[in-house]
1. Arrange the following residues from fewest to most other Cβ atoms within 10 Å of their Cβ: ARG91, ARG85.
2. Where the eigenvalues come from the Cα gyration tensor of segment 229-361, what are the semi-axes √(5λ) of the equivalent ellipsoid, largest first, in whole Å?
3. Rounded to the nearest 20 Debye, what is the dipole magnitude of segment 229-361 about its Cα centre when Lys and Arg each give +1 and Asp and Glu each give -1 at the C-beta?
4. Take LYS203 and LYS295, extend 7 Å from each Cα along the Cα→Cβ direction, and tell me the distance between the two endpoints in nm.
5. Taking R0 as 56 Å, what's the FRET efficiency between PHE82 and ALA371 from their Cβ-Cβ distance, rounded to 0.05?
6. Want the number for MET275 to LEU179: 0.36 nm per residue separation, take away the alpha-carbon distance, what's left?
Amino acid sequence: MRVEDPEAPAAPAAPAHPAYDGHLGELGAPLRRSPFVIGFFGGLGVFLAWWLGDLVVSIGPTLVLVVVSMFLAAGLDPAVRFFERRAGLRRSWAVVVVIVGVLAALTLFTVAIVPVISDQVASITRNAPGWLDSLQENQRVQEFDEKYGVIDKVREYIAGGDYAGGIFGGVLGVGLAVLSALANTFVVTVLTLYFLSSLQTTKTALYRLAPDSRRDRVTRLGDRIVEGVGGYVSGAFIVALCAGLTSLVFLFVIGLGEYAVALAFVVALLDVIPMIGATIGAVLVTAIGFATEPKIGIACAIFYLVYQQLENYVIYPRVMSRAVDVPGAVTVIAALVGAALLGVVGALLAIPTAAALLMLTREVVVRRQDAR
């Protein structure tokens, strides 16, 4: 048996990685820092971002419906809270009362007003050729018509009665457009009901994503934004209702009672659109007034010129002062940007969105800068 001397020097340890003992060269830089790897994963990230962006664009119409539903839910929330406070109802019952009231109002409107509007639109269509004949009596209009034949083309277009089909692509297109509108209305109604019933739960879940040290402030800011959106929706409805009722009375007084209900409804509907809606409605009514009789057209032009000043400087500021606080220039820019991005829906959402961004800027950015 071999006995080892304890004082003998120990044998050298075997290298941990015999393949890298110096005979095959030194270790290079890790591949994860190489330009190739960085470029590969960078390109992969760009491709992934492009793919996700394309998915978002493809579901754009659905996202618009979701945003509109949340917007309407925030607008109806003050009514729900009113029934909670005054009637002592639970939120679920208050939501049911508000939704039933809205649906009942829409049903009554459809039953009572839509037939009148349809008859008056048909009357406008019947009288349009006569208005075109009266326009031909103007010398400048005659010169313009002789050169381009515009009035004859418009007369044939109206007499044909298929302009709705031309707009939507024929009878099949009209049917598809109606079905699409009904489907979108159903989806928005269901989503609005869902968001309205679970609004407080949804807000609480979103607020819990903030750190505990900032959760109280985030909750206050979020509640202020939701209240602002709700106030804006309610205010816009009140302003549009004032425009519609005022136009209805005025049109009966000046002798356009045959078209009063239809035109007043159009004015109220267009008045919801910021900036340009009221002007478009005024131009439409004034044009029909001129076509009926020049004196009526002049009266319409004067009335809407005065009323729009009253609405812009008296009614709108008083109604919206508690809901949104947006300077005039920001309102114009926000409405233009919103309309360019999402059309009418973007124009409707632009002002409360701008108000929310301004409020966050004042409460977060400006206060942080002032504290330095």
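1. ARG85, ARG91
2. Its equivalent ellipsoid spans semi-axes of 30, 14, 12 Å.
3. For segment 229-361, the charge dipole is close to 160 debye.
4. If labels sit at LYS203 and LYS295, their model points lie 5.6 nm apart.
5. About 0.90, to the nearest 0.05.
6. Separation in residues times 0.36 nm, less the Cα-Cα distance, equals 31.5 nm.
Computed from the coordinates by the stated procedures, all read-outs in this text should not be read as laboratory data. Since this is a predicted model, take the numbers as computed values, not measurements. Positions of Cβ are backbone-derived with ideal geometry, glycine not excepted, and every protein chain shown enters the neighbour counts.
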